[in-house]
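Engineer: Quick one: this structure, given as structure tokens, is what I'll be asking you about.
The values are calculated or read from the model by the stated rules, or taken from the named source; none is laboratory data. Quantities reported herein were computed from a predicted structural model and do not represent experimental measurements. No Cβ is skipped: glycine too gets one built from the backbone with ideal geometry, and neighbour counts run over all protein chains shown.
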Amino acid sequence: MKIKPYLMSISFIIFSNLLIGQNATITINEDEKILEILALKKSLEVENKLAVGYTIQLYYGELNEANKIIREYRNHFDSWPASIEYETPNYKVWVGSFSSRFEADRTRLEIEDKFPSAFILKPDRK
């Protein structure tokens, strides 16, 4: 009778090694569009198009004047990125992308000597 538990233990050890030794392979099919979407998202982040928060508007009007304002801004300041946004039929010069109103206020105070009409807004990003 004592032989039976030993045989069961030995057979269990032998068969468990066979079960553990199985290999599995996983195949992942990645859609090519995923890489395109990631590249697009990265470029939008660089241009501050995805940021949620506040920005400072320096100008609203014609393209020639917007280009003049953005050049003047870039000559005096380089801490915050500036861009020209188009909203039919006018162009806007926006500066920075700030996560809080406080941060935007501090920046506006720094640039208001050169751009007294600058104001803070929370744009709807599309």
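Engineer: Take SER43 and tell me if it is assigned to a loop (DSSP other than H, G, I, E, B) and either surrounded by fewer than 12 Cβ atoms within 10 Å (Cβ to Cβ) or on the phi > 0 side of the Ramachandran plot (or both).
Structural biologist: no
Engineer: For segment 66-126, which fully contained strands (runs of 3 or more DSSP E) count at least 1 residues that are under 22 Å from LYS41 (Cβ atoms)?
Structural biologist: By residue number, 82-87, 90-98.
Engineer: Still on this structure, please answer the following. Determine, yes or no, whether LEU35 is among the aliphatic types (A, V, I, L, M), modelled with pLDDT under 95 and either in contact with a Cys (Cβ under 6 Å, 6 or more places away or on another chain) or closer than 30 Å to LYS114 by Cα (or both).
Structural biologist: No, not satisfied.
Engineer: With the structure loaded, tell me whether ALA104 is modelled with pLDDT under 90 and surrounded by 15 or more Cβ atoms within 10 Å (Cβ to Cβ) or whether it fails that test.
Structural biologist: No, not satisfied.
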